[in-house]
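See structure below.
What follows is calculated from the coordinates using simple rules that are stated; it is not laboratory data. Fair warning: this is a prediction, and the values are worked out from it, not measured in the lab. For neighbour counting, all protein chains shown are included, and Cβ atoms are generated from backbone atoms with ideal geometry for every residue, glycine included.
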Amino acid sequence: MTTQSPSDFPLHAQSTATGPVHPDADAESSPTGEPEQERKGLSQGQIVRKKFFDNTAAIISLVVFVVIFLLAFTSVGFAGIPGWWKYNHTEFVPLLDGGVPTVTGPFSWGEHPFGQDSIGRDYFAMTMRGTQNSIIIMFLIGALAGLVGVVIGACSGYFRGWPEAVLMRFTDVIIIIPVVLAAATLGEAVTRFVGPGGQIWLLGLFLGLVLWTGLARLVRGEFLTLREREFVDAAKIAGASNGRIIFKHILPNAVGVIIVNTTLLMSAAILLETALSYIGFGVKAPDVSLGLIISQNQEAFQTRPWLFWFPGLFIVLICLCINFIGDGLRDAFDPRQKKFRASRIKGAGKPVAA
Amino acid sequence: MVTYIVRRLVTAVLILFGASFVVYQLTALSGDPLEDLRGSNAPNRDQLIQARTDLLDLNTPAPLRYFGWLAGAAKCLIPFAATCDLGSSIQGEAVTTALSRAMGNTITLVTTATILAIVIGVSLGIITALRQYSGLDYGVTFMSFLFFSLPIFWLAVLLKEFGAIGFNNFLADPDIPPLTILVVALASGLIWALFASRSWKRKGVAFVLGAVIAAALLFLLDLVDWFSDPGLGPIVILITGVGIALGVVLLTAGLRNRKAVYASLTMVGVGLVAYYVVNPILNAATIWMIIVFGLVMVLVGLLVGYLLGGYDRGQSMRAAALTGVLMGLVIVIDRFMVTWPAYVGNSRVRGRPIATVGAQTPGLDDSFWINGLDTFTHLLLPTLALLLASLASYSRYSRASMLEIMNMDYIRTARAKGLSERTVVMRHAFRNALIPLATLVAFDIGALIGGAIITEQVFAFAGMGQLFVQALRRVDPDPIMGFFLVAGILALVFNLVADIVYSFLDPRVRVKA
């Protein structure tokens with residue numbers, strides 16, 4: 001959505017994709033702003049970006065998520081590249097002071113900031129490794145489910161007729177297959193054929209292949225309404241091919257729905273992955289996942305509560321960040337949701353100057 | 001319409017065939033059902049393996065085995081023949097028996113949580129939509145995002161720790177320290193201030209009132225040792241009843257409708273009389289007696305509303321009937337509270353009332369009230385966990401839906417006619433805002449019976465989800481297929497119901513025949 005230029009669109013499509021754009025909306029909130037720039041008008045991408053960056057909650061969440069991401073991937077290393085943290089998630093270290101967390105502030109971490117588990121592994125390394133795995137699975141599910149969902153939804157929504165019937169019935173079949181069953185089957189296949197190394201990647205891959213159904217339905221609905229619009233008719237009459245109409249005319253208008261729902265799917269995916277690992281059908285030992293280490297240590301809640309708090313805290317943080325980012329994107333893409341300010345309503349009675 | 005339904009049902013059957021085949025194959029691929037036997041060193045190991053191979057028909061390839069299962073399942077379609085054969089589990093229990101037991105447990109668990117989530121979630125959504133961008137809106141939005149992001153297994157462990165173990169410790173020696181009273185009072189004041197309208201003066205008044213009332217209440221409850229020996233008594237019932245009556249009238253008819261106010265207040269009086277009359281009979285209560293009691297309250301309410309109501313009898317009748325039912329509920333709750341000490345003192349409960357696992361206390365066989373309390377204490381934590389997790393989607397959806405409706409032209413028209421805000425919100429906006437939610441609710445009900453796999457696992461609740469997970473661990477295809485049949489059929493049926501209901505509620509949407 002950031003690459004399209006206004007001239008690429010029929011005028012009508014532009015105005016409906018972004019909603020009625022009030023050039024004076026921001027001039028009013030900042031009367032001393034640069035009116036010349038406002039008069040030029042903003043492209044859809046610029047409007048979306050501006051609205052997103054105005055959303056404090058979404059920006060804070062984005063920053064927190066990036067920090068967690070960097071922490072998880074640089075601390076214990078990734079794909080063979082060593083990280084800066086001195087332990088890893090499999091190493092046994094003699095228990096120090098019963099494995100109590102040593103973190104006392106943001107810059108005084110101590111020897112084992114999140115403590116040690118009952119057999120002496122450094123819990124910070126384990127949590128970071130679990131976070132890493134959860135994030136990888138989340139992105140895989142998001143990318144794959146997004147891709148499959150968009151392709152199936154777009155094909156059935158655009159072509160109608162028998163492709164729609166077949167694809168939608170196929171979606172119905174996938175939708176009622178329990179996800180836990182699919183994950184368990186695939187998990188078994190993974191341990192049998194691949195070995196524990198590729199576990200994370202295959203789990204994300206397979207979950208992505210069953211979680212696309214909701215998105216496919218949404219995209220289909222979006223395509224069904226968009227394909228009846230005048231600008232699509234105009235493109236057809238001008239002789240555009242199906243591929244061009246789909247990629248150049250319809251998809252850019254549906255991109256909001258797709259991005260927002262993929263983001264929300266990702267937040268659901270991280271909860272699903274941790275829950276599956278928790279009941280033993282997701283990531284399996286010796287690898288670690290946030291859900292798995294909670295499940296392994298929940299009996300010790302009375303004696304070693306930190307084993308329970310830290311991984312849970314990271315799940316909640318990641319999920320909360322993704323949800324707020326998704327919500328911010330939804331607001332940014334939805335033309336009807338304008339930020340409502342009480343002061344503007346009070347002034348609305350007066351004729352607006354300029 | 002009939003053509004449409006028939007066509008949808010035929011497709012549903014085909015989908016079910018396809019999906020059940022896939023599920024059967026996935027189950028067969030998900031592991032080795034003989035794994036535990038292969039590793040065992042029992043002297044009759046080979047015999048056991050042979051027996052299980054015969055039982056599960058493992059020598060036949062899975063795609064063919066599916067048709068054997070299908071032949072048995074097809075017998076369920078013959079009505080009233082009781083020839084239903086969904087196979088049996090590895091332990092030899094018929095799947096139909098296991099399913100019906102698990103379904104009963106799941107339904108009691110999930111219905112309460114869903115109904116509560118719908119009621120609370122929708123009310124929160126509506127209130128936050130009416131107060132868009134207020135402190136309350138931001139607070140509720142943040143809380144719903146937070147609950148939405150909580151992994152349910154994590155939440156469940158926390159609830160067990162603080163809700164069950166902590167609260168049980170408190171109940172063993174119910175003494176509230178002053179610091180707790182202070183904290184609770186401040187929290188309550190904050191919540192009331194959030195709910196109060198925009199002006200700072202009203203917020204301040206609400207804060208002080210909320211804090212003082214909460215502190216006084218806690219102090220009083222602590223003083224009379226209410227937590228060991230709870231109960232409401234006639235005076236509290238009267239006060240609650242008057243509050244309920246005014247609230248109900250405010251929402252259904254508006255306080256200006258004097259006739260409705262009088263009718264509802266009469267019902268509070270009737271309820272108070274019923275409290276004395278019914279209480280002896282309730283000693284031998286059954287669930288049916290409670291239902292009949294509720295129905296009688298509704299009928300009396302309708303009658304009182306009819307007799308007292310003026311030209312608009314309907315409003316008074318609705319208000320009085322609703323007040324009647326709620327009064328009946330208060331009386332029943334009082335009765336449960338009175339039974340509480342007996343329950344806590346029961347030799348099976350041993351003073352730890354809030355349970356962390358299971359669906360009931362084993363071996364507890366007592367009166368309706370004791371068993372009711374037992375179910376309550378077992379359902380409390382899982383229901384709370386499920387409630388918090390599903391609250392968010394309802395409040396977010398109803399808020400968005402209400403916001404959209406409040407910007408509609410007909411709302412402006414209604415205001416321009418000079419209708420009161422209550423009429424505009426309750427009659428014109430609220431009803432229409434519920435339409436999109438009908439679909440969501442139908443989907444959720446369809447998914448209900450599938451159970452809450454994770455929640456049931458954490459709380460060791462013997463429902464559908466646990467049946468499924470246990471069968472999956474043992475690679476036992478028949479219970480999995482039974483679970484899938486029930487869950488899949490319900491999901492498909494409610495999918496259809498959602499579409500049909502939507503087209504009835506919103507005439508702009510028409511189903512294609």
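A few remarks follow.
- Nitroxide proxy distance, nm - points 7 Å out along Cα→Cβ at B:Ser347 and B:Leu171: 2.0
- Sorted by Cβ neighbour density within 10 Å, fewest at the top, the residues B:Asp137, B:Asp36: B:Asp36, B:Asp137
- Between the listed residues B:Gly163, B:Gly351, B:Leu326, the Cα displaced farthest toward the positive end of the dipole of chain B, a dipole computed from Cβ unit charges relative to the Cα centre, is found at B:Leu326.
- For chain B, a simple Cβ point-charge model (Lys and Arg +1, Asp and Glu -1, everything else neutral) yields a dipole of about 2320 debye relative to the Cα centre.
- The protein assembly as shown, dipole about Cα centre (Lys/Arg Cβ +1, Asp/Glu Cβ -1), debye to the nearest 20: 3060
- Of A:Cys321, B:Cys76, A:Cys155, the sequence from fewest to most neighbouring Cβ atoms within 10 angstrom is B:Cys76, A:Cys155, A:Cys321.
- Fully extending the segment from B:Met143 to B:Thr53 would add 27.2 nm, taking 0.36 nm per residue of separation and subtracting the current Cα-Cα distance.
- Charge dipole of region A:124-337 about the Cα centre (unit charges at C-beta), most positive-ward option of A:Ala154, A:Thr131, A:Leu215: A:Ala154
- Here region B:109-403 is assigned +1 on the Cβ of each Lys and Arg and -1 on the Cβ of each Asp and Glu. Its dipole about the Cα centre then comes out at about 1220 debye.
- Nearest 10 degrees, 0 to 90: helix B:477-505 Cα axis against chain B principal axis: 40
- By the beta-carbon count within 10 Å of each Cβ, the least crowded to most crowded order of B:Asp225, A:Asp334, A:Asp122, A:Asp172, fewest first, is B:Asp225, A:Asp334, A:Asp172, A:Asp122.
- Extension gain, B:Val208 back to B:Ile500 (0.36 nm per residue minus Cα-Cα distance, nm): 100.2 nm
- Note, ³J(HN,Hα) from phi for region A:228-242, Karplus 6.51, -1.76, 1.60, rounded to Hz, x at Gly and Pro: 8, 7, 5, 5, 6, 4, 4, 5, 4, 5, 6, x, 6, 7, 4
- Shown is the FRET efficiency for A:Thr74 and B:Arg38, computed with R0 = 45 Å from the Cβ-Cβ distance and rounded to the nearest 0.05: 0.50.
- Distance violations [Cα-Cα > 27 Å] among A:Lys284/B:Lys160; A:Lys51/A:Lys248; A:Lys50/A:Lys236; A:Lys86/A:Lys284; A:Lys50/A:Lys248: A:Lys50/A:Lys236
- Residue-count net charge about B:Asn432 - beta-carbon cut-off 11 Å; Lys, Arg +1, Asp, Glu -1: 0
- Against the main long axis of the alpha-carbon atoms of chain B, helix B:233-252 sits at an angle near 90°.
- Three-way shape call for the protein assembly as shown based on the alpha-carbon gyration tensor, with the a/c threshold at 1.5: rounded
- Potential lengthening of the chain between B:Asn371 and B:Thr413 amounts to 9.8 nm, from the contour at 0.36 nm per residue minus the alpha-carbon distance.
- FRET efficiency for the B:Ile5 to B:Arg508 pair, using the beta carbon distance and R₀ = 35 Å, is estimated at 0.95.
- When the Cα positions of B:Leu373, B:Gly68, B:Val298 are compared along the charge dipole of the protein assembly as shown, B:Val298 comes out farthest toward the positive end, with charges on each C-beta of Lys, Arg, Asp and Glu.
- Spin-label pair B:Leu223/A:Asp54, simplified geometry with 7 Å Cα→Cβ offset, distance in nm: 5.5
- What the Cβ-Cβ distance of B:Val184 and B:Glu404 gives, at R0 = 25 Å and to the nearest 0.05, is a FRET efficiency of 0.10.
- For region B:488-507 versus region A:201-222, the inter-centroid distance based on Cα atoms is 23 Å.
- Between helix B:200-223 and chain B there is an angle of about 70 degrees, using the helix long axis and the longest principal axis of the Cα atoms.
- Long-range HN-HN contacts of B:Ser88 with modeled amide H, under 5 Å: B:Val95
- Mean ellipticity per residue at 222 nm, deg cm²/dmol - from DSSP H runs of n ≥ 4 across the protein assembly as shown, formula -39500 (n - 2.57): -23000 deg cm²/dmol
- Across region A:291-299, rounded Karplus estimates of 3J(HN,Hα) from the backbone phi angles (6.51 cos²θ - 1.76 cosθ + 1.60, θ = phi - 60°) give x, 5, 6, 5, 4, 5, 10, 5, 5 Hz, Gly and Pro being marked x.
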